[in-house]
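Notes for the one structure printed next.
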Amino acid sequence: MKTSGVFFLRGAPASVRMQRPDGSLGQGWMLLLGERGSERGITVFSALWAADGADAFFRRNSSLKAGDCLSLTLERLHVRDNEICGHVAACELAPPRWPQRATALAGRPAPCPLPSLSSSPIAPRDAAARIA
């Protein structure tokens with residue numbers, strides 16, 4: 001099973017010692033990822049990247065931190081400890097997933113202001129006069 005998309009890092013990538021798909025021990029990278037999948041919140045993933053290009057990618061992008069976005073293709077998806085896990089097949093930097101509020105609202109019409117309740121033509125009369 002495979003999936004691809006833009007995921008954000010939940011923490012800095014971590015260098016780990018792992019068993020590679022060929023059975024040998026080697027160095028790889030652990031990525032803690034998140035994806036905003038619906039209104040219910042964020043789906044969390046973890047991914048291992050043991051390909052030869054991983055070391056070069058993280059040397060070039062050593063300042064990656066939580067919140068940065070990656071465009072990933074994940075394969076061999078499985079569930080472990082109630083979390084979706086996979087192996088990175090392809091990775092590249094992605095632009096920020098959620099633009100700043102000012103950028104997101106640019107070009108949209110300004111919201112209509114609500115009238116003040118005190119200026120309403122149906123303002124209640126003096127409370128004492130109503131009770132009497």
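Yes/no per residue for (1) without any contact (Cβ under 8 Å) to a residue 12 or more places away in the chain; (2) more than 11 Å from the chain's Cα centre (by Cα):
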{"residue": "K2", "(1), (2)": "no, yes"}
{"residue": "P13", "(1), (2)": "no, yes"}
{"residue": "M18", "(1), (2)": "no, yes"}
{"residue": "L31", "(1), (2)": "no, yes"}
{"residue": "E35", "(1), (2)": "no, no"}
{"residue": "I42", "(1), (2)": "yes, no"}
{"residue": "A56", "(1), (2)": "yes, yes"}
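Checking every residue in the stretch 101-118 against the condition of being touching a strand residue (DSSP E or B) at 6+ places or on another chain (Cβ under 9 Å) and at pLDDT below 90 gives zero matches. On the stretch given as the stretch 1-28, residues that are among the aromatic types (F, W, Y) and more than 15 Å from T73 (Cβ to Cβ) total 1. Only one of the numbered conditions (1) touching a residue at least 24 places away in the same chain (Cβ under 8 Å); (2) surrounded by 13 or more Cβ atoms within 10 Å (Cβ to Cβ); (3) touching a strand residue (DSSP E or B) at 6+ places or on another chain (Cβ under 8 Å) is not met by G26, and that is (2).
Only a single criterion out of (1) at pLDDT 90 or above; (2) on the phi < 0 side of the Ramachandran plot; (3) not β-branched (V, I, T) is not satisfied by R76, namely (2).
The values are calculated or read from the model by the stated rules, or taken from the named source; none is laboratory data. From a predicted model like this one, the values you see are computed outputs, not experimental measurements. Cβ: placed from backbone, ideal geometry, glycine included. Neighbour counts: every protein chain shown.
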